[in-house]
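Reviewing the structure listed below.
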C-alpha cells in the first residue's frame, strides 16, 4: 500500500478514535477488532502499525495485563510473546525492546525465566556458547550488560553444580561397588550347587 492510501486508511478508520481502538484491542484482541472494523489484512496492518508506533499500543496492552504477560514471558520467553503480538518483523525491534524492558527487567521476569529454564540454558551454554544464549534470552545489547553478568553468573553456577553432582554420583557408585565387592563371600561351586 502506498503512503497516500495508508494515510487515507488511517484517516478513515482510526483518526480521532485511537484511544477507543486501543481499548478494544486490549479487551477483545486483534482478530475481533479487525473483524469488527471490517478491514482487509493490508488495511489492518496499516492501522496496527499506526497504533503501535504512534499510540504505544504494545506498551498499553502489556501494562493493562501485566501479570498475564509476565507469566507468559517467564514460561515461554520473549520470542513467544512477539509471535502472539505478531511483531516478529525487524521494524518492531525498537518498540519491542521497551516492552521487553518492562516485562523482563522492571518486573524481574528475566531472573524468573532463566531460573525456570535453567537446564535448557545450561545445555545451550555448553553446546553453543554464551553469545548464543545471550541472544536467545534477548539481552545481547550493551545496555543489558549488568543483567547479562547476573544471568551468566547464575548459569555458570548451575554448570558447576551439575559437574559437581555428576562427579559426586560417579564417586559414590565407585565407592559403593568397592564396598560391595569387599564384603562378598567367595564360595566354590560343585556339580550339585553351592558347597
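All of the numbers you see were taken from the coordinates with simple rules; none came from a lab. This structure is a prediction, so every number in the text was calculated from the model and none was measured. A quick note on method: Cβ atoms are made from the backbone with ideal geometry, for glycine too, and the neighbour counts reach across all protein chains shown.
Over all alpha-carbon pairs of region 59-108, lay out the pair-distance distribution in 5 Å bins, whole %, shortest bin first.
Using 5 Å bins, I get a P(r) of 5, 22, 36, 28, 8, 1 for region 59-108.
Under a no-solvent Debye model with one identical scatterer per Cα of region 23-159, what's log10 I(q)/I(0) at q = 0.10 Å⁻¹?
Each listed q corresponds, in turn, to -0.38.
Using only Cα atoms, what is the ratio of the radius of gyration of region 4-103 to 2.2 N^0.38 Å?
1.07
Measure off 7 Å from each Cα along the Cα-to-Cβ vector at residue 145 and residue 112, then give the distance between these two points in nanometres to one decimal.
Inter-label distance under the simple model: 2.9 nm.
Once R0 is set to 25 Å, what does the formula 1/(1 + (r/R0)^6) return for the Cβ-Cβ distance between residue 93 and residue 38, expressed as a FRET efficiency to the nearest 0.05?
0.25
Given the Cα atoms of region 1-55, and with Rh set as the inverse mean 1/r over their pairs in the Kirkwood sense, what is Rg to Rh to two decimals?
So for region 1-55, dividing Rg by the Kirkwood Rh gives 0.93.
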